[in-house]
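Reading through the structure tokens given below for one structure.
The values are calculated or read from the model by the stated rules, or taken from the named source; none is laboratory data. Not measured: the values here are computed from a predicted model. Ideal geometry is used to build each Cβ from the backbone, glycine not excepted, and the neighbour counts take in all protein chains shown. Quick note on the areas: whole protein, heavy atoms, side chains included, nothing else; ligands and nucleic acids left out. Shrake-Rupley method; radii C 1.70, N 1.55, O 1.52, S 1.80 Å.
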Amino acid sequence: MRDDDLGRVPCPLRKSSFSSQNGACVEAGTAGQAVAVRDSQDPEGPSLVFERSAWSVFAASVKAGDFPA
């Protein structure tokens with residue numbers, strides 16, 4: 001999946017429940033074996049697209065606290 005296919009993600013992009021109230025938000029959605037991620041303030045801007053397995057590893061690392069704030 002290319003980043004310009006983001007608009008074709010079949011389910012709506014969801015905003016992170018950890019997004020701040022000041023609008024600094026991340027949205028993510030799935031399409032097949034891909035996870036698309038974008039800045040909610042710039043929906044027409046660049047996006048990142050990951051294989052679902054890579055996204056799962058990243059998300060588990062975040063939850064484990066591997067990336068200090």
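Once you put a point 7 Å from the Cα of Ser56 and another 7 Å from the Cα of Gln33, both along the Cβ direction, what distance in nm separates them?
About 1.2 nm separates the two model spin labels.
On a 1.4 Å probe surface of the protein chains, which of Glu27, Glu51 comes out largest in accessible area, and what is the full order? It would help to have the intermediate numbers written out before the result.
Working: Glu27 30, Glu51 125 Å².
Accessible-area ranking of Glu27, Glu51, largest first: Glu51, Glu27.
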